[in-house]
Amino acid sequence: MKRRIGILTSGGDCPGLNAAIRGVARASYEMFDAEIIGIHDGYRGLIEGDYQPMKREQFSGILTIGGTILGTSRTPFRNMRVIGEDKVDKVAAMKKTYKDLKLDCLVTLGGNGTHKTANLLSQEGLNVIGLPKTIDNDIYGTDFTFGFHTAVDIATDVIDRIHTTAASHGRCMVIEIMGNKAGWLTLFSGVAGGADVILIPEIPYDIKKVAKVVEGRAKSNKGFTILAVAEGAMSKEEAKLKKKEREARRAAAHYSASADIAAQLQEIVGVEARAVVPGHIQRGGSPSAYDRVLSTQFGVHAAELIRDGVFGVTVALKGNEITHNPLQEIAGVPKPVPADSQMVNIAKTMGISFGD
């Protein structure tokens, strides 16, 4: 029996997307008579009917390639049921494309927003399977998302390289790591990179306590300080504001978290403080060996679910087992770093400050 499978990648790109696509396709070809339809640029392609039938050879040689061969875009979930000036009913359009293509299943690779839309389509009666990707590792129900470990490797390498400059000049270096809502990437790379201070959104900081760490190191023989700061890190004062108020305040002042912290530390302590923002470097390039394996495992499990007729779920890693969760149970559920998590406690035991 032939199964027609639509695949799309949505949201921000990350290493491992192509490896996961390859896993779904190759396992499907091995297990049943499969026809793969590649949908371009995420949900936009599903809405507009922008797709292409894929050939077997298109899934060869993509295991090590970063980004996505299908293209991606952001179509915010909050706008999915909003009919704009173009008069397009996006949900109806996606259902129409699915039915016009005679798909037996839609596989969506993405983060939180992607999963919320995948759950919406599942509730609308479509057969959907999700694969959790994001460098933020903030999808509920899975220990790790693919793309995360590669980003940790890259962010750690950035911190390692900044160490030599910081030590040579006796500077305080504030390195801004991606992660607006969740601090997993900053936490892991900060520990791996030997940061002296780690600031994440889940633990609001007191700049005076951070300054005390910097001052103490400035007076020591080491004389330099490394801060790993999540882009969404906030002070205790900022944490009292509503999200929109906090964003408006930063936009009006034209500063990032790292620039603000560096400026304050230079003023309070009197040290030379520099902000470093590696930005999208953290999400680019070839996936690590770990992410190639995890992406492949996720893709193969998705193919097994298609074979078995199990839909309305997203693939997950729990312990050493590749399994799946109902979309309705994980879509839109946050996964922040617990302030009392084992990794935070390990970091604190090592003498790393969180500014709290």
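Computed values, structure above
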item	result
Test: residue in region 234-255 that is aliphatic (A, V, I, L, M) and under 19 Å from the mean Cα position of the chain (by Cα)	no
Lone qualifier among Val158, Val152, Val174 - being of a type in the set (Val, Ile, Thr), out of contact with any Gly (no Cβ under 6 Å at 6 or more places or on another chain) and surrounded by fewer than 23 Cβ atoms within 10 Å (Cβ to Cβ)	Val158
Strands (runs of 3 or more DSSP E) enclosed by region 1-65 - at least 1 residues per element that are under 20 Å from Phe144 (Cβ atoms)	2-9
First in region 183-195 and more than 14 Å from Phe148 (Cα to Cα) and at pLDDT 95 or above, second anywhere and of a type in the set (D, E, K, R) and open to solvent by 10 Å² or more (accessible area, probe 1.4 Å), Cβ under 7 Å, 6 or more apart	Gly193/Asp160
Residues (assigned to a loop (DSSP other than H, G, I, E, B), surrounded by 14 or more Cβ atoms within 10 Å (Cβ to Cβ), of a type outside the set (Phe, Trp, Tyr) and out of contact with any Asp or Glu (no Cβ under 8 Å at 6 or more places or on another chain)) located in region 321-354	Ala331, Val333, Ser341
Verdict on Asn137 being among the polar types (S, T, N, Q) and on the phi > 0 side of the Ramachandran plot	yes
Given (1) over 28 Å from Gly16 (Cα atoms); (2) open to solvent by 50 Å² or more (accessible area, probe 1.4 Å), number of the condition Ala93 does not satisfy	(2)
Verdict on Thr64 being surrounded by 16 or more Cβ atoms within 10 Å (Cβ to Cβ) and among the β-branched types (Val, Ile, Thr)	no
Matching residues in region 177-215 - criterion: being surrounded by fewer than 20 Cβ atoms within 10 Å (Cβ to Cβ) and in a loop (DSSP other than H, G, I, E, B)	Asn180, Lys181, Gly194, Pro204, Asp206
Any hit, region 265-273, residues being over 30 Å from Gly170 (Cβ atoms), in contact (Cβ under 8 Å) with a residue 24 or more places away in the chain and among the polar types (S, T, N, Q)	no
Hey, Thr108 of a type outside the set (A, V, I, L, M, F, W, C), assigned to a strand (DSSP E or B), touching a residue at least 40 places away in the same chain (Cβ under 8 Å) and under 17 Å from Gly42 (Cα atoms) or not	yes
Restricting region 305-320 to residues that are part of a helix (DSSP H, G or I) and touching a residue at least 60 places away in the same chain (Cβ under 8 Å), the residue that is most open to solvent (accessible area, probe 1.4 Å)	Arg307
Subset of region 224-243 (residues that are among the small types (Gly, Ala, Ser) and closer than 12 Å to Asp196 by Cα)	Ala228
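Here's the yes/no breakdown for (1) modelled with pLDDT of 85 or more; (2) loosely packed, with under 12 Cβ neighbours inside 10 Å; (3) in contact with a helix residue (DSSP H, G or I) (Cβ under 8 Å, 6 or more places away or on another chain):
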site: Ala230; (1), (2), (3): yes, no, yes
site: Lys236; (1), (2), (3): yes, no, no
site: Lys243; (1), (2), (3): no, yes, no
site: Arg246; (1), (2), (3): no, no, yes
site: Ala251; (1), (2), (3): no, yes, no
site: Tyr255; (1), (2), (3): no, no, yes
site: Ala259; (1), (2), (3): yes, no, no
site: Gln264; (1), (2), (3): yes, no, yes
site: Ile268; (1), (2), (3): yes, no, yes
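The values are calculated or read from the model by the stated rules, or taken from the named source; none is laboratory data. Remember, predicted model here, so these are calculated numbers, not experimental data. Here Cβ is always computed from backbone atoms with ideal geometry, including for glycine, and neighbour counts include all displayed protein chains. Accessible surface areas use protein heavy atoms only, side chains included; no ligands, DNA or RNA. Shrake-Rupley method; radii C 1.70, N 1.55, O 1.52, S 1.80 Å.
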